[in-house]
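The values are calculated or read from the model by the stated rules, or taken from the named source; none is laboratory data. What you are looking at is a predicted structure, and each value in this text was computed from that prediction instead of being measured. In this analysis, Cβ positions are derived from the backbone assuming ideal geometry, glycine residues included, and neighbour counts consider all displayed protein chains. For the accessible areas, the whole protein counts, side chains as well, though only heavy atoms, and no ligand, DNA or RNA atoms are used. Shrake-Rupley method; radii C 1.70, N 1.55, O 1.52, S 1.80 Å.
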Amino acid sequence: MALAPPASPGSGPVVAEVEMNAGAADQGATTVRATVVQAGTVFYDTPATLDKAEKLIAEAAGYGSQLVLFPEVFIGGYPRGSTFGLTIGNRSAKGKEDFQKYHAAAIDVPGPEVARLAALAGKYKVFLVMGVVERAGYTLYNTVLLFDPLGKYLGKHRKLMPTALERVFWGFGDGSTIPVYDTPLGKIGAVICWENRMPLIRTAMYAKGVEIYCAPTADFMPSWQASMTHIAVEGGCFVLSANQFSRRKDYPPPPEYTFGGLDEEPSPESVICPGGSSIVSPSGTVLAGPNYEGEGLLTADLDLGEITRAKFDFDVVGHYARPEVLSLTVKTEPKPPVSFTSTAEKTSAAKSDGISRTWLSAN
């Protein structure tokens, strides 16, 4: 089957966010070639990680891939084994230094690293879905960034619920960053790691019509594969899951970086994360993976007509829904900690601050 051609450079913006409850598009017999990257971060070295990302994107593009998915927090890194010096009621000085280094390796959105990723998507003519550690002031977020083949940054998804100790070093996303983008390849969205165990966010994605469901993760357990297969069948969508493959030597050596919870320090060649990346069709067929052997690219051709065939059996937010019994409300407005409600209030606050400063200087 022929591959769907990439958008022409002069065609202008081609991607819009899908509105809630949007219907699925007619897929015909379009085939999309997608690649999942299974590779590890160069920890604490974001420029080197970006260089590695470019090589992997170029390789995937060389296979004719039109969509390339990277693992969870590939840029910035997953701090596997780190405790950041935390015990209940105490934070160690070294743990604070570890966080400072991790913060320094994160990226601003927007920022120069985002601009480079956009340029790479444009250079290699791919839709790029990239996991990053996003820095917003002094708070970090587990974020996925999406880019189109024209070199345009489309937007982001922030992980709603960090898992376990992740809640200490990552902030929480909100409903304003759960987009699904309507593209020439189909409707693309992303849900991160154990968010995929949350039925309600999955339902929101299905309601937005997601067809290529990206699931970057840090979970390599066999149960993860069951989740990916279930989501593909439940949502009637293709599921792409990307995890890192990393060894001890990919992290800084001790004592700069230590792994908590282990009886002894791992050897440099010890596998820290064995991957398990995969691609699953709407029928539950595993098209590629799971790969536990090493770094690599998993590529599959996605027959988008299979989505319609799967939805004929089961459309979870369509003919199989029972809205008179079960319904979901998704709050999509941003939840900032501080809001300025009007220009008048800002002006009043500024004047008050000016009066205070004058009083302080006079006294």
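Some notes on this structure:
- Top-ranked residue of segment 157-188 - restricted to ones that are without any contact (Cβ under 8 Å) to a residue 40 or more places away in the chain and outside any loop (DSSP other than H, G, I, E, B), ranked as farthest from T332 (Cα to Cα): E166
- Test set (1) surrounded by fewer than 23 Cβ atoms within 10 Å (Cβ to Cβ); (2) part of a loop (DSSP other than H, G, I, E, B) - S223 fails condition number: (2)
- Counted as qualifying within segment 234-340 are the strands (runs of 3 or more DSSP E) with 2 or more residues that are aliphatic (A, V, I, L, M), open to solvent by 20 Å² or more (accessible area, probe 1.4 Å) and touching a residue at least 12 places away in the same chain (Cβ under 8 Å), namely 271-274, 286-291.
- Of all residues in segment 7-63, those satisfying the criterion of being at pLDDT 90 or above and among the charged types (D, E, K, R) are R33, D45, D51, K52, E54, K55, E59.
- Any hit, segment 170-186, residues being over 26 Å from Y44 (Cα atoms), surrounded by fewer than 17 Cβ atoms within 10 Å (Cβ to Cβ) and touching a strand residue (DSSP E or B) at 6+ places or on another chain (Cβ under 8 Å): yes
- Just one of the listed residues (T203, T229) is open to solvent by 10 Å² or more (accessible area, probe 1.4 Å) and under 24 Å from R33 (Cα atoms), namely T229.
- Qualifying position, being in a loop (DSSP other than H, G, I, E, B), surrounded by 15 or more Cβ atoms within 10 Å (Cβ to Cβ) and in contact (Cβ under 8 Å) with a residue 60 or more places away in the chain, among L154, L150, L117, L128: L150
- Complete set of residues in segment 97-123 that are over 12 Å from Y153 (Cα atoms), touching a Gly at 6+ places or on another chain (Cβ under 9 Å) and not β-branched (V, I, T): E97, D98, F99, Y102, A105, A106, K123
- Restricting segment 90-109 to residues that are in a strand (DSSP E or B) and either of a type in the set (F, W, Y) or without any contact (Cβ under 8 Å) to a residue 12 or more places away in the chain (or both), the residue that is most open to solvent (accessible area, probe 1.4 Å): R91
- Of the numbered criteria (1) without any contact (Cβ under 8 Å) to a residue 40 or more places away in the chain; (2) touching a Cys at 6+ places or on another chain (Cβ under 9 Å); (3) open to solvent by less than 10 Å² (accessible area, probe 1.4 Å), the one N142 fails is (1).
- Counted residues, segment 30-89 - those being among the acidic types (D, E), open to solvent by 10 Å² or more (accessible area, probe 1.4 Å) and under 17 Å from G275 (Cβ atoms): 1
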